[in-house]
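**Student:** Mind having a look at this structure? Questions to follow.
The values are calculated or read from the model by the stated rules, or taken from the named source; none is laboratory data. As the structure is a computational prediction, the values presented were derived from the model and not from experiment. Glycine gets a Cβ as well: all are built from the backbone with ideal geometry, and neighbour counts include every protein chain shown. The accessibility values were calculated without ligands, DNA or RNA, using every heavy atom of the protein model including side chains. Shrake-Rupley method; radii C 1.70, N 1.55, O 1.52, S 1.80 Å.
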Amino acid sequence: MKIIIINGPNLNLLGKREPEIYGNQTFDAYFDELKAKFPQIELTYFQSNIEGELISKIQEVGFTYDGIVLNAAAYTHTSIGIGDAVKAISTPIIEVHISNTFSRETFRHQSYISPNAKGVIIGFGMKSYELALQSFL
């Protein structure tokens, strides 16, 4: 089974950025834990701060992978283009968010991804990614 985790803007700063919201662990360290915990999954990772690169990666893997775990970060709430890319592909997507977006600013309550996602996992910290992977098994 091939699954990719795709992270959007500022998630490269995990471990440094707002630790009271996002924790102290880097995503690279957490990704190593996920690979060890799910050896049966061929797991890859992609991160970009650039909207077009995220869309290109979704299109690239969106017909050949078994699943995509997508945390589009702030683009979740602003990018019709990413929403359209999710709608256009056949690979199922689980939308994840580390924080509970509904307990934050009102603009974070809108998602252009959710209507076409297989499911949404919000607010369980980094464990959100693990829950998303489990949903594919």
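**Student:** Taking the condition modelled with pLDDT of 90 or more, assigned to a helix (DSSP H, G or I) and not aromatic (Phe, Trp, Tyr), does GLU53 pass?
**Tutor:** Judged against the criteria, GLU53 is a match.
**Student:** If you don't mind, there's one more thing I want to ask. Inspect all residues belonging to segment 113-121 and state whether any of them is of a type in the set (A, V, I, L, M, F, W, C), assigned to a helix (DSSP H, G or I) and within 16 Å of ASN7 (Cα to Cα). Let's see the steps before the verdict.
**Tutor:** Within segment 113-121, the subset of a type in the set (A, V, I, L, M, F, W, C) is 113, 117, 120-121.
With the extra rule that they be assigned to a helix (DSSP H, G or I), the set shrinks to none.
No, there is no match, as no residue in segment 113-121 is of a type in the set (A, V, I, L, M, F, W, C), assigned to a helix (DSSP H, G or I) and within 16 Å of ASN7 (Cα to Cα).
**Student:** Still on this model: Are any of the residues in segment 83-105 farther than 18 Å from TYR45 by Cβ, under 13 Å from the mean Cα position of the chain (by Cα) and of a type in the set (Lys, Arg)?
**Tutor:** Scanning segment 83-105 turns up no residue that is farther than 18 Å from TYR45 by Cβ, under 13 Å from the mean Cα position of the chain (by Cα) and of a type in the set (Lys, Arg).
**Student:** Identify, from the list ILE121, ILE113, the residue that is at pLDDT 95 or above, open to solvent by 20 Å² or more (accessible area, probe 1.4 Å) and not basic (Lys, Arg).
**Tutor:** Details: ILE113 fails: open to solvent by 20 Å² or more (accessible area, probe 1.4 Å).
Result: ILE121 is the single residue among ILE121, ILE113 that is at pLDDT 95 or above, open to solvent by 20 Å² or more (accessible area, probe 1.4 Å) and not basic (Lys, Arg).
**Student:** Kindly indicate whether any position in segment 35-44 is open to solvent by less than 70 Å² (accessible area, probe 1.4 Å), within 20 Å of GLY15 (Cα to Cα) and of a type in the set (D, E, K, R).
**Tutor:** There is no residue in segment 35-44 that is open to solvent by less than 70 Å² (accessible area, probe 1.4 Å), within 20 Å of GLY15 (Cα to Cα) and of a type in the set (D, E, K, R).
Residue-wise test of (1) closer than 17 Å to SER128 by Cα; (2) hydrophobic (A, V, I, L, M, F, W, C).
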position: ALA29; (1), (2): yes, yes
position: PHE46; (1), (2): yes, yes
position: GLY52; (1), (2): no, no
position: THR76; (1), (2): yes, no
position: ILE82; (1), (2): no, yes
position: GLU95; (1), (2): yes, no
position: TYR112; (1), (2): no, no
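**Student:** Exactly one condition in (1) buried (at least 20 other Cβ atoms within 10 Å of the Cβ); (2) part of a helix (DSSP H, G or I) is not met by VAL96; state its number.
**Tutor:** If we test VAL96 against (1) buried (at least 20 other Cβ atoms within 10 Å of the Cβ); (2) part of a helix (DSSP H, G or I), just (2) comes out false.
**Student:** Here's a follow-up. Of ASP28, ASP32, ASP84, ASP66, which residue is out of contact with any Cys (no Cβ under 9 Å at 6 or more places or on another chain), touching a residue at least 60 places away in the same chain (Cβ under 8 Å) and farther than 13 Å from ILE98 by Cα?
**Tutor:** ASP66
**Student:** State all residues of segment 58-74 that are within 18 Å of SER135 (Cα to Cα) and either part of a helix (DSSP H, G or I) or under 13 Å from the mean Cα position of the chain (by Cα) (or both); if no residue qualifies, say none.
**Tutor:** GLY67, ILE68, VAL69, LEU70, ASN71
**Student:** Which one is farthest from ILE55 (Cα to Cα) among residues in segment 74-93 that are surrounded by fewer than 20 Cβ atoms within 10 Å (Cβ to Cβ) and hydrophobic (A, V, I, L, M, F, W, C)?
**Tutor:** ALA74
**Student:** Out of all the residues in segment 9-33, which are open to solvent by less than 60 Å² (accessible area, probe 1.4 Å), assigned to a helix (DSSP H, G or I) and either within 22 Å of GLU51 (Cα to Cα) or not aliphatic (A, V, I, L, M) (or both)?
**Tutor:** Within segment 9-33, LEU11, PRO19, TYR22, PHE27, TYR30, PHE31 meet the criteria.
**Student:** Further question on the same structure: Hey, any hits in segment 47-61 for a residue that's open to solvent by 20 Å² or more (accessible area, probe 1.4 Å), charged (D, E, K, R), farther than 15 Å from SER99 by Cβ and out of contact with any Ser or Thr (no Cβ under 8 Å at 6 or more places or on another chain)?
**Tutor:** The answer is yes; a qualifying residue exists.
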